[in-house]
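Q: Next up is a structure, given as structure tokens.
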Amino acid sequence: MQRHVFESRRSPQQAAASPARHPVVVVGAGPVGLSLAIDLAQRGQRVLLLDNDDKLSTGSRAICFAKRTLEIWDRLGVGDAMCAKGVEWNVGRVFFRNDQLYRFDLLPEPGHERPAFINLQQYYAEAYLAVRAAELPNLEIRWKNAVVGCTQTDDGVSLEVDTPDGRCTVQADYVAACDGSRSTLRGLLGQESKGRVFRDRFLIADVKMAADFPAERWFWFDPPFHPNQSVLLHRQPDGVWRIDFQLGWDADPEAEKRPEAIKPRVDAMMRAAIGREVPFELEWASVYTFACLRMDRFVHGRVIFAGDSAHGVSPFGARGANSGVQDADNLAWKLDLVLRGTAPRALLDSYGPEREYAADENILNSTRATDFITPKSPISRLFRDAALDLARTHGFARRIVNSGRLSVPATLRDSSLNTPDRDGFAGAMVPGAAAIDAPLPGGGWLLRRLAGNGFSALVFGGDAAAVTAGSAGLVPVQAVHLPAEGVVAQRYDARPGTVYLLRPDQHVCARWRAPGATDVAAALTRALART
């Protein structure tokens, strides 16, 4: 799978007398760029995707894909394939030295189609997305096309692109920069990501072995087999295990990646865990130093940044790729409606503050986790170890222990697209929250019923007359009729007559106990940034 090479073909447009104009050019064919390109193409937009390589990613890289990401990928037509191949898990365990401190369940209640997480090597995720992209006739991918120049005007963007057949010019109404942490487009625009670099090194080892560990997340603080450091273990498909060893800042990256350096570490871990060594094959190894940083702004004229090109976090908490896919989910519907002339440019501009807020939330959680995992002073280490000792028997201390607060979707409470509540509600489904799934009476799942690309209204125990009347002349709204009792009603604190209005990315933008047509019209107008 990792060795697959995509064919690089010369585009007929390269021989044209003048450069072709594209509504959207996406730069970068990783999970974020592919997700965005597929989403836009499914909405009917003509999309060009450029990537400077012709291969899938090397090694496991991002492996933990969260429930929200899987729900987005369901809408893009790849969720089933990802889950069929991936290793599902909900449970994590935290160890301190020789002892298990506690276990946690990220999805403790039944009634969800998708698990809290799957583990799946990034090259598999990219492969399923690439297969889906190839099925869409209005999505063109050009491999081995490296962007080397970028010029903006008021009405478009001009890209200079190096190809195997020479340099060419590509013009676009909008460009989405999904080209990773070393973003070329960020540099071409004279922008930078700012933040904090952590003075520590970690070894990632993907090892193939026959081990009996369950499909859980295991994290050790100061284990006897790797003293004064931390270790993280995850199970992947194909009998591959991902192990992260903290090394310390003074470690030699090249020396630590060698098989002869990795084998004693894995052998010691297996002797401690199961009492014996296990034969294994090293598939991939990398040493990394991580940082928490972001660009000041994600929207720069007609060039919009998403994923690692816009923000970066440590791997603890699986917030990188998952946050990037949610960037794509937020951007696609807004860009689509602006290109169609259905919404003003202000809707596209709202991508910036919404996803900048989400990035700040991820960076805060990632920074706190990193500071706890890698204390940088004797006092910090003393506090950390005291909290771990207390966590053996005291529940309050477990809330202090931080081996990585795992990815959850950001609740966009302060979005300008939300209509504030006027009625009383309980629960988490506030304006700005991502809709939560639930089983439907008679079978099926709520989010599957919202598989369209537009606005949706959850109508509990009433008729949709107000919704239909309120959406007239604005945008179509899919009405989903639901009973005002049962699991769905409980999760949405619904009573007869309750209505939830959901954006195309399935975030709540308004809710009422009994809306009128003018309420719906006003909320849609606001959600389209027409005010």
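Q: What order do you get for 200-209, 371-380, 25-34 when each peptide is scored by the mean count of other beta carbon atoms within 10 Å, highest first? Walk me through the numbers before you get to the answer.
A: Values: 200-209: 21.0, 371-380: 14.7, 25-34: 28.3.
Sorting 200-209, 371-380, 25-34 by mean packing, highest first, produces 25-34, 200-209, 371-380.
Q: As I understand it, the dipole of the stretch 299-374 uses +1 on the Cβ of Lys and Arg and -1 on the Cβ of Asp and Glu, about the Cα centre. Which of 305, 359, 323 lies farthest toward its positive end?
A: Going by the Cα projections, it comes out as 305.
Q: What length, rounded to one decimal in nm, is gained on full extension from residue 349 through to residue 99, with 0.36 nm per residue of separation minus their alpha-carbon distance? Before the final figure, lay out the partial values.
A: Details: separation 250, 0.36 × 250 = 90.00 nm, distance 5.00 nm.
85.0 nm is the gain from fully extending residue 349 to residue 99.
Q: Next up: Mind jotting down the distance between the C-alpha centroids of the stretch 179-257 and the stretch 27-42, whole Å?
A: Their Cα centres are 26 Å away from one another.
Q: Pull out the extension gain between residue 386 and residue 469, defined as 0.36 nm times the separation in residues minus the alpha carbon to alpha carbon distance; nm, one decimal.
A: On the way: separation 83, 0.36 × 83 = 29.88 nm, distance 6.06 nm.
Contour length minus the Cα-Cα distance gives 23.8 nm.
Q: Antiparallel versus total DSSP beta bridges in the chain: what percent is that, nearest 5?
A: Details: 70 of 98 bridges.
Antiparallel bridges make up about 70 percent of those DSSP assigns within the chain.
Q: Run the reach check for residue 257 against aspartates and glutamates, Cα to Cα strictly under 16 Å, same-chain hits fewer than 8 apart removed. What comes back?
A: Within the straight-line limit of under 16 Å, residue 257 reaches these aspartates and glutamates: 200, 206, 244, 267, 281, 283.
Q: Quick one: which of 297-306, 327-336, 214-223 comes out on top by average Cβ neighbours within 10 Å, and what's the full order, highest first? Numbers along the way, then the final one.
A: Values: 297-306: 21.9, 327-336: 25.9, 214-223: 19.9.
Top to bottom by mean Cβ count within 10 Å: 327-336, 297-306, 214-223.
Q: Oh, and also: Identify all aspartates and glutamates with a Cα-Cα distance to residue 194 below 15 Å; exclude those on the same chain that are fewer than 8 residues away in sequence.
A: 296, 308, 356, 360
Q: In addition: Using label points projected 7 Å from each Cα along Cα→Cβ, tell me how many nm separate residue 525 and residue 197, to one decimal.
A: Result: 5.1 nm between the two label points.
Q: Shifting gears a bit: What's the magnitude of the charge dipole for the chain around its Cα centre, counting Lys and Arg as +1 and Asp and Glu as -1 at the beta-carbon? Answer in Debye, nearest 20.
A: Details: 63 positive and 62 negative charges, 101 e Å.
The dipole of the chain has a size of about 480 debye.
Q: Let me ask something else about it. Express the relative contact order of the chain as a whole percentage, based on alpha carbon pairs under 8 Å and six or more residues apart in sequence.
A: Relative contact order, the chain: 14 percent.
Q: Take the Cβ-Cβ distance between residue 448 and residue 252 as r, set R0 to 45 Å, and report the resulting FRET efficiency rounded to the nearest 0.05. Could you put the intermediate results ahead of the total?
A: Numbers: r = 50 Å, r/R0 = 1.12.
The calculated FRET efficiency here is 0.35.
Q: Out of [x] -0.37; [y] -0.49; [z] -0.42, which label holds the value of log10 I(q)/I(0) by the Debye sum over Cα atoms at q = 0.07 Å⁻¹ that was computed here?
A: [z]
Q: Suppose the chain between residue 276 and residue 393 were pulled fully straight at 0.36 nm per residue; how much longer would it get relative to their current alpha carbon spacing?
A: Values: separation 117, 0.36 × 117 = 42.12 nm, distance 2.99 nm.
Full extension from residue 276 to residue 393 adds 39.1 nm.
Q: Oh, and also: Any lysines with Cα under 17 Å of the residue 67 Cα? List them, leaving off those in the same chain fewer than 8 positions away.
A: Filter leaves 85.
Q: Then there is this: What net charge do the residues around residue 256 carry, taking every other residue with its C-beta under 13 Å from that of residue 256, with Lys and Arg at +1 and Asp and Glu at -1? Can you show the working numbers first?
A: Working: positive: 201, 257, 258, 263, 265; negative: 200, 244, 250, 252, 254, 260.
It works out to a net charge of -1.
Q: Follow-up question, since we're still on this one. With all protein chains present, calculate the accessible area of residue 123 using a 1.4 Å probe and round the result to the nearest 10 Å².
A: Residue 123 has an accessible surface of roughly 10 Å² with all protein chains in place.
Q: Now a separate question. How much area per residue is accessible in the chain when the probe is 1.4 Å and only protein heavy atoms are counted (Å²)? Each step should come with its number before you reach the end.
A: Working: 21130 Å² over 531 residues.
Accessible area per residue: 40 Å².
Q: Could I ask something else about it? Let me check against my output: what whole-number percent is the relative contact order of the stretch 368-507, with C-alpha pairs under 8 Å and at least 6 apart?
A: Dividing the mean separation by the residue count of the stretch 368-507 yields 21 percent.
Q: List every residue whose amide H lies under 5 Å from the amide H of residue 247, counting only residues 5 or more places away in sequence or on a different chain, with H placed 1.01 Å from N in the peptide plane.
A: 201, 202, 203
Q: Quick check: from the Cα gyration tensor, does the stretch 174-243 come out rounded (a/c under 1.5), prolate or oblate?
A: Cα axes put the stretch 174-243 in the oblate bin.
Q: Name the residues of the stretch 143-183 whose amide N is less than 13 Å from a point 7 angstrom out from the Cα of residue 54 along the C-beta direction?
A: Residues passing the 13 Å test: 143-146, 163-166.
Q: Still on this structure, please answer the following. Once neighbouring chains are kept in place and the probe is 1.4 Å, which whole percent of the accessible area of the stretch 308-388 is contributed by carbon and sulfur?
A: Reported share for carbon and sulfur atoms: 60 percent.
Q: Here is a follow-up. From the Cα gyration tensor of the stretch 484-531, with a ≥ b ≥ c the square roots of its eigenvalues, which class applies: rounded if a/c is under 1.5, or else prolate if a/b is larger than b/c, or else oblate?
A: Here the stretch 484-531 falls in the oblate category.
Q: What number does the stretch 1-112 give for Rg over Rh if you use C-alpha atoms and the Kirkwood radius?
A: Ratio value, two decimals: 1.12.
Q: If you rank 96, 383, 104 by how much accessible surface each has, with a 1.4 Å probe, what is the order from largest down?
A: Ranked list, largest accessible area first: 383, 104, 96.
Q: How high is the relative contact order of the stretch 300-411, in percent, counting Cα pairs under 8 Å that sit 6 or more residues apart?
A: Over the stretch 300-411, the number comes to 32 percent.
Q: What ranking, highest mean first, results for peptides 271-279, 309-317 when packing means the other Cβ atoms within 10 Å averaged over each residue?
A: Those peptides, ordered most packed to least, come out 309-317, 271-279.
The values are calculated or read from the model by the stated rules, or taken from the named source; none is laboratory data. The structure presented is a predicted model; accordingly, all values stated were derived computationally and were not measured. Note that we place each Cβ from the backbone using ideal geometry, even for glycine, and neighbour counts take in every protein chain shown. To get the accessible areas, we keep the full protein, side chains included, count just its heavy atoms, and leave off ligands, DNA and RNA. Shrake-Rupley method; radii C 1.70, N 1.55, O 1.52, S 1.80 Å.
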